[in-house]
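Read through the structure below, which is laid out as structure tokens, and then see the notes.
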Amino acid sequence: MATFPNARFLISAAAPEQYPADRGAEVAFAGRSNAGKSSAINALLGRQGLARTSKTPGRTRLINFFELSPLERIVDLPGYGYASAPESERRTWPRLIEALRARAALRGLFVIVDARRGVGPGDEALLEWALPRQQVHVLLSKADKLSRNESRQALAAAAQALGARATVQLFSAHARTGLEEAQTLLAGWLLNP
């Protein structure tokens, strides 16, 4: 049985005025372009193709809201770093993201980091944006592409870089590594603000 069987796309917002009403609970998902954010969302929700995946970096260009159940949502943010979106579009992103941070419904942030790259400057900037108000959990994605020893090293390096600012785990949407742990955390954040 899927943890979130009623997950569905709600809206793509190009302006804060288009966001759903600021009620209930929501958890945001962010990550560098091509870190595996859409794949992680699809795996966590048990729904292939709900969040669009692409080999082309910068596919997510708007802020996408998905409803898991009434008054429970996840929010898919545009990837940072390389993005193929036009400059005029990228200039609107800071306003959208700042408006999201001010929402009372926002309970936490999942940061998707490619385990092969480790925590980088873009990820650090995102932590500054989120903390101290939000809970942050880092998914070291694409862990299936690392050996067991490389996985241990990547996890230890990320834990050291993050310190007490965020929790971290290995994750692979493809191999389903860490899936239950991340689903449990997501459900807990949505149910227990």
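Any read-out appearing in this document is the output of simple, stated calculations on the displayed coordinates, not a laboratory observation. Bear in mind the structure is a predicted one, so any value in this text is a computation, not a measurement. Neighbour counts are summed over all protein chains in view; Cβ atoms, including those assigned to glycine, are modelled from backbone coordinates with ideal geometry.
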Original post:
Using r as the Cβ-Cβ distance of residue 6 and residue 148, and R0 as 22 Å, what FRET efficiency do you calculate, to the nearest 0.05?
Top reply: 0.05
Original post:
Can you pull the semi-axes for the chain, root of five times each eigenvalue of the Cα gyration tensor, sorted largest first, whole Å?
Top reply: 23, 19, 17
Subject >> the chain, dipole about Cα centre (Lys/Arg Cβ +1, Asp/Glu Cβ -1), debye to the nearest 20 >> reply: 360
Subject >> Taking the chain and dividing mean pair separation by its residue count, relative contact order in percent (alpha carbons under 8 Å, at least six apart) >> reply: 24
Original post:
Where does the chain land at 222 nm, in deg cm²/dmol rounded to the nearest 500, when only DSSP H runs of n ≥ 4 count, each adding -39500 (n - 2.57), divided by all residues?
Top reply: -9000 deg cm²/dmol
Original post:
Cα centroid distance between segment 1-26 and segment 113-184, in Å?
Top reply: 24
**OP:** Search the structure for amide H atoms under 5 Å from the amide H of residue 106, placed 1.01 Å from N in the peptide plane, and list their residues when 5 or more places away or on another chain.
**Re:** 26
**OP:** With unit charges on the beta carbon (Lys/Arg positive, Asp/Glu negative), name the residue among 160, 28, 178 whose Cα is farthest towards the positive pole of the charge dipole of segment 8-191.
**Re:** 178
Subject >> Computed label-point distance, nm, for sites residue 159 and residue 22 using a 7 Å Cα→Cβ extension >> reply: 3.7
Subject >> Among beta bridges that DSSP assigns inside the chain, antiparallel share in %, nearest 5 >> reply: 30
Subject >> Cα-centre dipole for segment 100-178 with unit charges at Cβ (Lys and Arg positive, Asp and Glu negative), debye to 20 >> reply: 220
Original post:
Along segment 19-30, what does the Karplus equation 6.51 cos²θ - 1.76 cosθ + 1.60 (θ = phi - 60°) give for ³J(HN,Hα), rounded to whole Hz, x for Gly and Pro?
Top reply: 4, x, 3, 7, 9, x, 9, 9, 10, 8, 10, 9
